[in-house]
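Below is one structure, written out as structure tokens; the observations come after it.
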Amino acid sequence: MNDSQQSNIHDFDFSLICEYFSSLHRQGPGSEKSTAKALSFLPPMGADKRIADIGCGTGASTEVLHRLTEAQIVAVDLFPDFINHLKNKNLGNRIDAQAGDMTQLTFADETFDAIWSEGAIYNIGFGKGLSEWRRFLKPGGIIAVTDASWLTLDRPSEIADFWQEAYPSITDIASNIRCMEKAGYRMIATFVLPEDCWQENFYHPARRAQEIFLRNHPDNPIAEELVRNQRREAALYQKYHQYYGYVWYIGKKL
Ligand code: SAH
């Protein structure tokens, strides 16, 4: 297989992944209530404030930030398709949606009053993201991210193995707090996303989306594999949710 054939297959995979995830309201666990609770730890985000929403997906959290603040919001995601979805919501000129790579952001130093990232910082790594993004925050600015974390010290091997493969650097809340402090922040708050953020808001709507997706791509092994993986992830959450969760980490730049 030559390079161009390989890259075509790659492009095809990406377009399928984008199509599936674009059909969901959110691309990871979360809820309006949890975003609002996280926002309650911040000073008022009035019209003179700027927030970055990094790894915004199709903008579920961006919409909430838009509704609950008066700030200017820059929303960034790697996939232009997701950004187009967000743009098509026509939320107005307080949102600047941009395709971009969270590992290579080019904002000027001290641009933002707050940096937001729901279910996305794992793509750069928790510690690396906190360290690299810190310079984009104004002095005293706030970072608020959710990341998958262990909730217990011991866990069954089936779920430990799954996460070891999916996110080898996953760790517990205490370690992430230490990591945040080491990266130059004072910890303000941490709380675990309730189960409904996963079940009602993510896995349940995904079931219907998966049926439609499979119907639209009959006999397509890539589509089948994608859905199989999503279903496995949901089943594991059902079985082992007491051992892990998404956790908010909210810190203030020192
Ligand atoms: N915050 C959204 C999406 C979470 S899913 C929500 O809560 O619904 C994780 C997101 O990170 C996806 O949209 C994915 O496209 C994005 N992403 C992955 N790697 C990225 C990168 N290197 N730079 C920017 N975004 C990235």
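Brief remarks follow.
- For segment 138-183, the fraction of C-alpha pairs more than 11 angstrom apart is 73%.
- Here 177, 212, 95 are placed in order of increasing Cβ neighbour count within 10 Å, fewest first, which gives 212, 177, 95.
- Highest-MSF residue in the chain out of 175, 149, 157 [GNM, Cα springs under 10 Å]: 157
- 5 angstrom amide H check on residue 188, placed H, neighbours 5+ away: 250, 251, 252
- Pairs of Cα atoms nearer than 8 Å and 6+ residues apart set the relative contact order; for the chain it is 22 percent.
- Largest GNM mean-square fluctuation among 166, 60, 174, using the chain with Cα springs under 10 Å: 166.
- The tail of the calculated P(r) for segment 48-155 beyond 25 Å holds 18 percent of all Cα-Cα pairs.
- Normalised Debye scattering of segment 189-254 at q = 0.11, 0.12, 0.21, 0.25 Å⁻¹ gives log10 I(q)/I(0) of -0.38, -0.43, -0.88, -1.06, counting only Cα atoms as equal scatterers and leaving out solvent.
- Net charge of neighbours whose Cβ lies under 13 Å from the Cβ of residue 44, counting Lys and Arg as +1 and Asp and Glu as -1: -2
- The residues 41, 202, when put in order of fewest to most other Cβ atoms within 10 Å, stand as 41, 202.
- Per the Debye formula on identical point scatterers at the alpha carbon atoms of segment 93-193, with no solvent, log10 I(q)/I(0) at q = 0.13, 0.22 Å⁻¹ is -0.52, -1.26.
- For the chain, dividing the convex hull volume of the Cα atoms by the residue count gives 136 Å³ per residue.
- Estimated at 0.36 nm per residue, the fully extended path between residue 191 and residue 110 surpasses their Cα-Cα distance by 26.5 nm.
- Cross-link table 138/182; 182/253; 49/182; 49/252; 37/253; 87/128, entries beyond 23 Å C-alpha to C-alpha: 49/182; 87/128
- Label-to-label distance for residue 22 and residue 208 is 2.0 nm, based on points extended 7 Å past Cα in the beta-carbon direction.
- Beta bridges assigned by DSSP with both partners in the chain are antiparallel in approximately 45 percent of cases.
- Gap separating the Cα centres of segment 85-107 and segment 185-251, nearest whole Å: 24 Å
- With the charge dipole of the chain set up from +1 on Lys and Arg Cβ and -1 on Asp and Glu Cβ about the Cα centre, the Cα lying farthest toward the positive end among the listed residues 111, 100, 218 is that of 111.
- In terms of surrounding Cβ atoms within a 10 Å radius of their Cβ, 137, 39 rank from fewest to most as 39, 137.
- Backbone HN-Hα couplings from phi across segment 184-195 [Karplus 6.51/-1.76/1.60, Hz, Gly and Pro as x]: x, 10, 9, 5, 9, 7, 9, 8, 8, 5, x, 4
- Remark on segment 136-254: ratio of C-alpha radius of gyration to 2.2 N^0.38 Å is 1.29.
Throughout, read-outs are computed from the coordinates displayed, never taken from laboratory work. Note that the coordinates shown come from a computational prediction; the quantities given were computed from them, not determined experimentally. Positions of Cβ are backbone-derived with ideal geometry, glycine not excepted, and every protein chain shown enters the neighbour counts.
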